[in-house]
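Here the structure is laid out as structure tokens; the discussion comes afterwards.
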Amino acid sequence: MPMDRSTAWAARLALGLAIAVMPAAVPTQAMAQAQAAPTKAQLDSAAYVLRIVTSALQSNEVEAPVKSALFDCLYSNAVSKVSEATDKVIAANAGKVDRKDPSQMLAVIAGVCGYRPAAPAARPAPKK
């Protein structure tokens, strides 16, 4: 069955768009090979960060704004990126953060995720 002129034009347009989009939608083998596999240290760090975040999300002691920041952060970012940013903050503050202290790690991770505690309420000036 022969195609009319408008159908043939639409088919060519669709094919052209499909060809134009394919390179962006399908990663090439070279791109896949360029991404190096994570090291064991990177995997361990990411697993620890995820464990801290998971515990915080399940805890009754962590406030809702912190939980919200953590959830939004993990929803929008790969765990590897959160872990890398956390490692950078710890390296920049060598000796100030104990990686083995979950509360300190939570504070760093929450900060990396954009959480900023509310400023304390200003006290009224003393009366003269």
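Across the range 81-89, computed HN-Hα scalar couplings (Karplus, 6.51 cos²θ - 1.76 cosθ + 1.60, θ = phi - 60°) run 5, 5, 5, 4, 5, 4, 4, 5, 5 Hz from first to last residue, x flagging Gly and Pro. Take the Cα of Glu61, go 7 Å toward its beta carbon, and the backbone nitrogen atoms of the range 79-110 under 18 Å from that spot belong to 98-110. The HN-Hα couplings worked out from phi for the range 59-69 by the Karplus form 6.51 cos²θ - 1.76 cosθ + 1.60 (θ = phi - 60°) are 7, 7, 8, 8, 6, 4, x, 5, 4, 4, 4 Hz, whole numbers, x standing for Gly and Pro. Of the peptides 44-54, 90-100, 71-81, the order by per-residue mean of other Cβ atoms within 10 Å, starting with the highest, comes out as 44-54, 71-81, 90-100.
For the range 40-112, averaging the sequence separation of C-alpha pairs within contact (under 8 Å, six or more residues apart) and dividing by the residue count gives a relative contact order of 39 percent.
The equivalent ellipsoid of the range 40-112 has semi-axes of 18, 14, 11 Å, largest first, where each one is the square root of 5 times an eigenvalue of the Cα gyration tensor. Counted residue by residue at 0.36 nm each, then reduced by the alpha carbon distance between them, the extension gain from Lys81 to Asn93 reaches 2.5 nm.
Readers should treat all values here as calculations from the given coordinates under stated rules, not as data from a laboratory. Quick caveat, the model's predicted, so the values are computed rather than measured. Because the Cβ atoms are built from the backbone with ideal geometry, glycine has one as well, and the counts that use them run over all protein chains shown.
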